[in-house]
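The values are calculated or read from the model by the stated rules, or taken from the named source; none is laboratory data. For clarity, every value in this text was computed on a predicted model and none was experimentally measured. Quick reminder, even Gly has a Cβ in these numbers, built from the backbone with ideal geometry, and neighbours come from all protein chains shown. Just so you know, the surface numbers come from the protein's heavy atoms only, side chains and all, with ligands and any DNA or RNA stripped out. Shrake-Rupley method; radii C 1.70, N 1.55, O 1.52, S 1.80 Å.
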Amino acid sequence: MNWASSLRLVAAEEFLSVSGLVLLLVCAWAGDKSARLVTWLAVAALAVAGVLVAPALCGGVFGAEASAFYGQYAADSFSSFAKLLIYGAAGASLLVAPGFFERQGGYRAEYPVLALFAALGMGLMVSATDMLTLYVGLEMNSLAAYVLAAMSRSDDRSPEAGLKYFVLGSLASGILLFGISLTYGFAGSTSFDAIHTALVGKMSTGSLFGLVFILVGLSFKISAVPFHMWTPDVYEGAPTPVTTFFATAPKVAALALTMRVTLFAFGMQAQAWQQIVVAISLLSIVVGALGAIGQGNIKRLMAYSSINNVGFMLIGLAAATPGGAASMLVYLSIYVVMSIGGFVAILSLRDAEGNSVEKIADLAGLSRSKPGLAFVLAMVMFSLAGIPPLFGFWGKFVVFQSAVAAGLVPLATVGIAASVIGAFYYLKVVKVLYFDEPADKVVGSMDGVHAVLLYGSAIVISPIGYLFTGWLGGLAQSAAAALFHAA
């Protein structure tokens, strides 16, 4: 494929790059007073990028197998599916940011630009079909994320979160790079396709070590146990709009990248990485559930919830089948909506001075003072727990179904049992909202953008969401089929 065709395939990334640079100039010339305008322009840029990648979801004009730059970048339906989730989650996270930061003492214009460049990096991650492209996209996302975590100057926890994220993230990137180096040495190429072909038959010890180190680095990015230690501190310390961003868009990118690396690059050695994924999945489910039980901060609870949910998603990956990959994408889509709804609800929890209310005990009796907010927050908790008839149940159901179909009945059984444990801490929040004596701490009201996102996500995770199961499942199967066809 010539360079002109390659440039057409990366139109979304080109548009985001140019938009980010132009908005950066606007920030430099107009200063922080342009922050709201830059935010809306960044959201518009993400929307345009979504329009540019959407045709590839069904094959597009270039076909489902289109690749750019001599096999370093894939413009297939799998990457399109992931990018639409990334751009949507990033846009929602940007929309809730201005009100929060203005109450905290000032909204900086570079915030939306950093989020835009992070989304650009995530787009490269999910389209990467070469270890070099993978690493460039990963670091572009990570460098922006480190700054975003430390964005709040009025909260001492924010710089601490940024520093922890940076130090541990750098360590994980080094481990990942070492794994890539080993894989290159034993496979003779950084191309996923070449690695897939080279690793046929018995896997050498060196290649196995490369695979292990790559999975360790990626496990950090998806906050899977035992590489989850950064998640609760960063979720709690980072500004809540940033936490909303971290819990959604980068999670999609990292999980999609993990899928492409395992199912495509190391697709011929599924028996080698399946055992690792099963172990990480079980540990994440159990540690996430048990770790959340004693949390008194709602953001830390959501951090452990994300660890727990990553464990459930990895059950679909462990199946190593197109059905398992499709179920993982379905779960991921539902999880993004649940997370947006949950964190927008948390953003709406403010006291009389406009400060954020994060202690679970301070939410006591919220159903009496803010019935609508309490109801949506309770819906999110029930849906995250996987309690029918809410839509979160469907995500768990499809991954368990794919595990059983792949013969992983013990894994599915343990996952179902752990779901019961996890339900405890979600129900604890609901109990505080509806049955404890009112604390009367939450008095703030939400603005229009918060209300739209809050009630919009509530509609999707309600039983109405089941109306989309056929459509969502079809898109997920198409995306998974493209991934396996490439392998």
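Brief remarks on what is shown
- Degrees, to the nearest 10: 270-293 long Cα axis against longest axis of the chain: 10 degrees
- Glu353 paired with Val452, simple spin-label distance in nm, labels 7 Å along Cα-to-beta-carbon: 3.2 nm
- Contour excess over end-to-end distance, with Cα ends at Ala439 and Arg8 and 0.36 nm allotted per residue: 149.5 nm
- Accessible surface calculations at 1.4 Å, restricted to protein heavy atoms, place segment 348-413 at 39 Å² per residue.
- Here the contact order of segment 142-244, divided by its residue count and restricted to Cα pairs under 8 Å and six or more residues apart, works out to 37 percent.
- Per residue solvent-accessible surface (Å²) - segment 12-131, probe of 1.4 Å: 35 Å²
- Calculated mean residue ellipticity at 222 nm for the chain: -24500 deg cm²/dmol, from DSSP H runs with n ≥ 4 weighted as -39500 (n - 2.57), summed, divided by the residue count and rounded to 500.
- Degrees between helix 469-486 axis and first principal axis of the chain (Cα, 0 to 90, nearest 10): 30 degrees
- With contacts taken as Cα pairs under 8 Å and at least 6 residues apart, the chain reaches a relative contact order of 15 percent.
- When the chymotrypsin sites (Phe, Trp or Tyr not before Pro) in segment 66-133 are filtered for DSSP coil states and for at most 13 other beta-carbon atoms within 10 Å of their beta-carbon, the remaining sites are Tyr70.
- For segment 426-435, putting each phi into the Karplus relation 6.51 cos²θ - 1.76 cosθ + 1.60 with θ = phi - 60° gives couplings of 5, 5, 4, 5, 4, 4, 5, 5, 10, 10 Hz, in residue order, rounded to whole numbers and with x for Gly and Pro.
- C-alpha long axis of helix 240-260 to longest principal axis of the chain, angle in °: 20 degrees
- Share of carbon and sulfur in the accessible area of the chain stands at 70%, probe radius 1.4 Å.
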